[in-house]
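Student: Here it is, the structure in full.
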Amino acid sequence: MTSATGDRPTPATDAAEAQWWRDAVVYQIYVRSFADSDGDGIGDLPGITSRLDAIADLGVDAVWLTPFYVSPQNDGGYDVADYRDVDPLFGTLADAERLIERAHELDLRVIVDIVPNHTSVAHRWFVEAAATPPGDPAWDRYHVQPGTGPDGGQPPNDWVSVFGGPAWSPIVSRDGTPTGYWYLHLFDDSQPDLNWSHPDVAAEMAATLRFWFDRGVDGFRIDVAHGLVKADGYPSLASVGQVPEEGAVRLFEDVQPAPCWDQPEVHEIFRSWRQIADDYPEPRVFCGEVWVTTPARQAAYVRPDELHTVFNFDFLKVPWHAAGIREIVDGSLYANGLVGAPTTWVLSNHDVTRHASRFSDRPELALLRARAMTTFMLGLPGPAYLYQGEELGLPEVFNLPPESRADPIFFRTSGEQLGRDGCRVPLPWIADHPSYGFGPGAESWLPQPASWARFARDTSSREPGDRLDPESVPTLYRRLLAVRRSHPALGMGNFEPAAGTLAWVEVGDADVLCFDRMGPPNVRVVLNCGRREVTVPGDWRLIVASGGRRRQVRATEEGLSVPPDCAVWLEAAPNGELPT
Ligand code: GLC
């Protein structure tokens, strides 16, 4: 076995440093649920600052913080009332500055969220508009249209909200009488969509980028980046051949092309944002949330003068199936490669069922496969995002009591869709503590399952005697990240043109994926999605195995035998070339 070190190699050149985002591992912090410093049951910025060393210790390169701006919190802060101040629920501007400073001390870069598609109804612009009748210029910053039917009593068109129900809500006058006009909201009715053809909108967002860049943030994750521009005249979905299902909840890539998504003019916005980022001497970067239909459409957002990265969301939906996984990897690497951009991988985030619960109905098998899939993902070229708690092996919480739920999807579908609360339950830090150490007391805004003591960071990371438990999920993550840093074939510090490319290797089993990353030394990554062991012929040194004691890798006369539901990273041994 080789030993991996957690030391960050000194970047060879400033040019390499400027490219840090090309293979960074970014840890997503869902601010409400990470760590609570004041005992109100809601995570906050000082809580994050106090616990950042645990994240640095894991070996990631950056953190992404979900919105902590002033907001009525109708959609977990994605309904912003003031883009340039901190909600008192989460702290103060000084707390944000302290957090950024602490992260940088720990060698972590900081990415924050920007929500440019919509504001909250509590934003000063909407408050100003709502005090005037439709037709007043104050409404021009939003999308307002006359209704259809008698007295405009029906919505202007057939667009539907991503959260369920119609995408339009009536504007009523102060005495409650309908005006016959409607405003657009592709999400909750408390999140009115901004009209990007109004100059104030672009100016507000540019000022917001500069405000946070000036405070030292290293980048932005852009919410709903593909939605900012709507087609002129608001053509109906029916007119472009889409028939939205009654009560449909996902109008992202499932219903496209659509006049509200992925319009060509959106690219001009991101070209202007790139210029703002490039004005700074230190690298400032973007990662777009872009739900579109094909890798080629997605690659258009990462052309050299636009965003640095966009998430590839296909792993969020892929079943446990080798061919499907390979198709995603090939399609995305090819399309992004044509424009010189990396592919950004992700398995879990705050909007989807945790991947530790996705790959089987049987919890133990699902976790085993999640460990394997993470091992596979972190072996791929390009940056990767981790979602808080996945490094603890946290499962989805499916049985939250209805009265505790907060996601607008749950309410807008009358409970038919559970929504996203199940992946947002506050983190367990200390097994033997009323809120598992989430906060100083027992409060936690969503109830934590009684079974979560075993996932707490203090128990799952350490064995009695304070040694790392070699079997635990945190140990696996730590090891993967350390090896990724120390192996030039896999990541940080190596920006030679040929380094890190991927070459598939056929092992004669359709359920197994195998590729080499070019070093030197080369690294071979194997993922076994089948039901049988697979032998990788040759003489191998095992660097990491995802399965622990439950799925042991065996040396055989022919090579190394990799069990089902397992992934490994291998190095040619002792000093030979990788066999072909
Ligand atoms: C993005 C966010 C999601 C939010 C939505 C509306 O999809 O990830 O959490 O609800 O945008 O802002």
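Student: In sequence order, what are the phi-derived ³J(HN,Hα) couplings for region 481-486 according to the Karplus relation 6.51 cos²θ - 1.76 cosθ + 1.60 with θ = phi - 60°, rounded to whole Hz, with x for glycine and proline?
Tutor: 6, 5, 5, 4, 6, 8
Student: Related question: With angles folded into 0 to 90 degrees, how steeply does helix 363-379 sit against the dominant principal axis of the chain? Use alpha carbons for both and round to 10.
Tutor: Helix 363-379 and the main axis of the chain meet at about 90 degrees.
Student: Write down the percent of antiparallel bridges among all DSSP beta bridges whose residues are both part of the chain, to the nearest 5.
Tutor: 60
Student: In whole percent, and with a 1.4 Å probe on the protein chains, what portion of the accessible area of region 356-466 is carbon and sulfur?
Tutor: Carbon-and-sulfur percentage of accessible area, whole number: 53.
Student: Please pull out the direction-averaged projected area of region 124-184, using the convex hull of its alpha-carbon atoms, in nm² to one decimal place.
Tutor: Working: hull surface 17.4 nm².
For the Cα atoms of region 124-184, the hull's average projected area reads 4.3 nm².
Student: Here's something else I'd like to know. Determine, from the Cβ-Cβ distance of D330 and E128 and an R0 of 45 Å, the FRET efficiency 1/(1 + (r/R0)^6), rounded to the nearest 0.05.
Tutor: Once rounded, the FRET efficiency stands at 0.35.
Student: I need to check one value: relative contact order of the chain, counting alpha carbon pairs closer than 8 Å and at least 6 residues apart, in percent.
Tutor: After rounding, I find 14 percent.
Student: Loop sites only, by DSSP: take the trypsin sites (Lys or Arg not before Pro) in the chain that have at most 15 other C-beta atoms within 10 Å and name the longest stretch containing none of them.
Tutor: That would be 318-530.
Student: Leaving out ligands, DNA and RNA, and with a 1.4 Å probe, what % of the accessible surface on region 1-136 is carbon or sulfur?
Tutor: Within region 1-136, the accessible surface is 51 percent carbon and sulfur.
Student: At a 1.4 Å probe, what is the % contribution of carbon and sulfur to the accessible area of region 473-571?
Tutor: C and S atoms contribute 49 percent here.
Student: So what's Rg/Rh here for region 65-137, counting alpha carbon atoms and using the Kirkwood radius for Rh?
Tutor: Looking at region 65-137, the ratio lands at 1.10.
Student: Given H placed 1.01 Å from N in the peptide plane, which residues other than close sequence neighbours of G559 have an amide H under 5 Å from its amide H?
Tutor: When sequence neighbours closer than 5 places are left aside, the close amide H contacts are G538.
Student: Turning to a different aspect of this structure: So if a site counts as exposed when it's one of the GluC sites (Glu not before Pro), its DSSP state isn't H, G, I, E or B, and it has at most 13 other Cβ atoms within 10 Å, what's the longest stretch of the chain without one?
Tutor: That would be 1-244.
Student: Pull out the extension gain between R215 and A94, defined as 0.36 nm times the separation in residues minus the alpha carbon to alpha carbon distance; nm, one decimal.
Tutor: 42.5 nm
Student: Moving on to the next point. Could you run the Debye sum over the Cα atoms of the chain, one equal point scatterer each and no solvent, and tell me log10 of I(q)/I(0) at q = 0.10 Å⁻¹, two decimals?
Tutor: Taken in order of the listed q values, log10 I(q)/I(0) reads -0.86.
Student: How high is the relative contact order of region 241-384, given as a whole-number percent (alpha carbon pairs under 8 Å, six or more residues apart)?
Tutor: 17
Student: Something else now. What are the ³J(HN,Hα) couplings of region 332-348, residue after residue, when phi is run through the Karplus curve with 6.51, -1.76, 1.60 and θ = phi - 60°? Round to Hz, x for glycine and proline.
Tutor: 6, 4, 5, 5, 5, x, 4, 10, x, 10, x, 9, 9, 9, 7, 10, 8
Student: Still on this structure, please answer the following. With an 8 Å Cα cut-off and a minimum separation of 6 or more residues, compute the relative contact order for region 124-184 in percent.
Tutor: Rounded, it is 32 percent for region 124-184.
Student: Which length gain, in nm to one decimal place, applies between S561 and D151 when the Cα-Cα distance is subtracted from 0.36 nm times their residue separation?
Tutor: Roughly 140.4 nm would be gained on extension.
Student: Could you let me know the centre-to-centre spacing of region 442-460 and region 126-194, using Cα atoms, in angstrom?
Tutor: Here the two parts' Cα centres lie 42 Å apart.
Student: Let me ask you something else. On alpha carbon coordinates alone, what is the Rg over Rh value for region 473-571, Rh being the Kirkwood radius?
Tutor: Details: Rg = 13.4 Å, Rh = 13.9 Å.
Over the Cα atoms of region 473-571, Rg/Rh equals 0.97.
Student: For region 421-426, what does the Karplus curve 6.51 cos²θ - 1.76 cosθ + 1.60, with θ = phi - 60°, yield as ³J(HN,Hα) per residue in whole Hz, taken in order and with x for Gly and Pro?
Tutor: Karplus-based 3J(HN,Hα) across region 421-426 equals 5, x, 9, 10, 5, x Hz.
Student: Quick query: amide H of Q73 versus all other amide H atoms, modeled in the peptide plane; which residues come in under 5 Å with a sequence gap of 5 or more or a different chain?
Tutor: It is D79, by chain and number.
Student: Would you calculate, for the chain, the mean residue ellipticity at 222 nm contributed by helices, counting each DSSP H stretch of 4 or more residues as -39,500 (n - 2.57) and dividing by all residues, to the nearest 500?
Tutor: It lands at -7000 deg cm²/dmol.
Student: Given region 1-148, report the % of alpha carbon pairs whose separation exceeds 19 Å.
Tutor: Details: 6709 of 10878 pairs.
Percent of Cα pairs beyond 19 Å in region 1-148: 62.
Student: Given H placed on each backbone N at 1.01 Å, which residues far from L386 in sequence or on other chains put an amide H within less than 5 Å of it?
Tutor: For L386, the qualifying residues are V26, Y27, Q28.
Student: Next question, about the same structure. Could you do me a favour and compute the accessible area per residue for the chain, 1.4 Å probe, result in Å²? Mind dumping the intermediate values first?
Tutor: Numbers: 22400 Å² over 580 residues.
Heavy-atom SASA per residue in the chain reads 39 Å².
The values are calculated or read from the model by the stated rules, or taken from the named source; none is laboratory data. Quick caveat: nothing in here was measured; it's all calculated off a predicted structure. Here the Cβ is made from the backbone with ideal geometry for all residues, glycine too, and neighbour counts use every protein chain on show. Ligands, DNA and RNA are excluded from the accessible area calculation, which covers all protein heavy atoms including side chains. Shrake-Rupley method; radii C 1.70, N 1.55, O 1.52, S 1.80 Å.
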